[in-house]
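Everything below concerns the one structure shown next.
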Amino acid sequence: MIYVNRKEHFNAAHKLYNDSWTEEKNKEVFGPCANSNWHGHNFELIVTVKGNPDPDTGFVVDMKKLGDLVNKEVIDKIDHKNLNLDVDFMRGKLPSCENLIAEIWKILAPAIKDMGKDSVLHKLTLFETHKNYVEYYGE
């Protein structure tokens, strides 16, 4: 089994805020991330696909096609957007990195499975900052 990675970047704004809590509790739990005027990040998304190389191409997955897919289905929808307001697949969800990565998985997993004979989405890694990131294996 071979694991290949594709890295993409996007910029997005969001606010972490639970409407059922008081403003004080939101500030206590989320700190400056609950800022009423939003805040932004330069995100990095790493898509890891696993599989066995195709005997005709030597590829687990065509990386150009993978990049095109990730951009069309995810990056184009979230880059320079407000995750709370502008992104359909995040409507009604608190836009934490944990929730965002799970929603991205739902989009990419079936699309990647359709790309190649043996290609499977193995892991997503989402960096919010150079210190904070989440990983998701679809579990």
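Bear in mind that the values in this text are calculations on the coordinates, not laboratory data. Keep in mind the model is a prediction, meaning the values are calculated, not measured. Note that each Cβ is placed from the backbone with ideal geometry, even for glycine, and that neighbours are counted across all protein chains shown.
When we measure straight from the Cα of Lys64, which aspartates and glutamates land under 13 angstrom away, once same-chain ones fewer than 8 places off are left out? Cα-Cα hits under 13 Å: Glu8. Pair-distance distribution P(r) for the chain, from all Cα-Cα distances in 10 Å bins starting at 0: 12, 40, 29, 13, 5, 1, 0 percent. For the residue pairs Lys93/Lys113; Lys7/Lys77; Lys7/Lys106, the alpha carbons lie more than 22 Å apart in Lys93/Lys113.
Per-residue Karplus couplings for segment 79-92, computed as 6.51 cos²θ - 1.76 cosθ + 1.60 with θ equal to phi - 60°, are listed in order as 5, 6, 10, 9, 4, 6, 10, 9, 10, 3, 6, 10, 4, x Hz, Gly and Pro entered as x. Charged neighbours of Phe127, selected by a Cβ distance under 12 Å, balance to -2 (K, R count +1; D, E count -1).
Short-range pairs are left out: with C-alpha atoms under 8 Å and at least six residues apart, the relative contact order of the chain is 30 percent. The label-point distance for Ile2 and Asp88, in a model that sets each label 7 Å from Cα toward Cβ, rounds to 3.5 nm.
Its Cα centre serving as origin, the chain has a Cβ charge dipole (Lys and Arg +1, Asp and Glu -1) of approximately 80 debye. Note on Lys50: aspartates and glutamates with a C-alpha under 13 Å away, same-chain residues under 8 apart excluded, are Asp62, Asp118.
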